[in-house]
Amino acid sequence: LDIPASEIEPPPSFGARIRADFIFGMGKIAGKFVIILNIGKVLSVDEIAMLTSTEGLSAESLASLANPQ
């Protein structure tokens, strides 16, 4: 989709408990907001490798992806 720059707002602040660094901004299309992802930050190369090298992820693995330290 082509979204004019005037229709893109900065990402909202979700607080410290939720990662939002992968959100580029919020776009508005036909009166509805859509999340615009920063593709370079959605998953790191290490995270992609981990996902492809494991058959299933444990709850701990998912938590570490969602909230790295």
List, please: which pairs have Cβ atoms under 7 Å, are six or more places apart or on different chains, and start with a residue in region 1-12 that is under 14 Å from ASN38 (Cβ atoms) and in contact (Cβ under 8 Å) with a residue 12 or more places away in the chain and end with one that is of a type in the set (S, T, N, Q) and surrounded by 12 or more Cβ atoms within 10 Å (Cβ to Cβ)?
-> none
How many residues are open to solvent by 80 Å² or more (accessible area, probe 1.4 Å) and assigned to a strand (DSSP E or B) if we restrict to region 19-46?
-> 6
Taking region 36-51 and keeping only residues that are of a type outside the set (Gly, Ala, Ser) and free of Cβ contacts under 8 Å to residues at least 24 places away in the same chain, one is left with LEU37, ASN38, ILE39, LYS41, VAL42, LEU43, VAL45, ASP46, GLU47, ILE48, MET50, LEU51
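So that you can scan it fast, the table gives a plain yes or no per residue for (1) touching a helix residue (DSSP H, G or I) at 6+ places or on another chain (Cβ under 6 Å); (2) at pLDDT below 75:
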| position | (1), (2) |
| --- | --- |
| PRO11 | no, no |
| PHE14 | no, yes |
| ARG17 | no, yes |
| PHE22 | yes, no |
| GLY25 | no, no |
| GLY31 | no, no |
| VAL45 | no, yes |
| LEU57 | no, yes |
| LEU62 | no, yes |
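The values are calculated or read from the model by the stated rules, or taken from the named source; none is laboratory data. What you are looking at is a predicted structure, and each value in this text was computed from that prediction instead of being measured. Neighbour counts run over all protein chains shown; Cβ positions are idealised from the backbone, glycine included. Remember, those area values only see protein heavy atoms, side chains included, never the ligands or the DNA or RNA. Shrake-Rupley method; radii C 1.70, N 1.55, O 1.52, S 1.80 Å.
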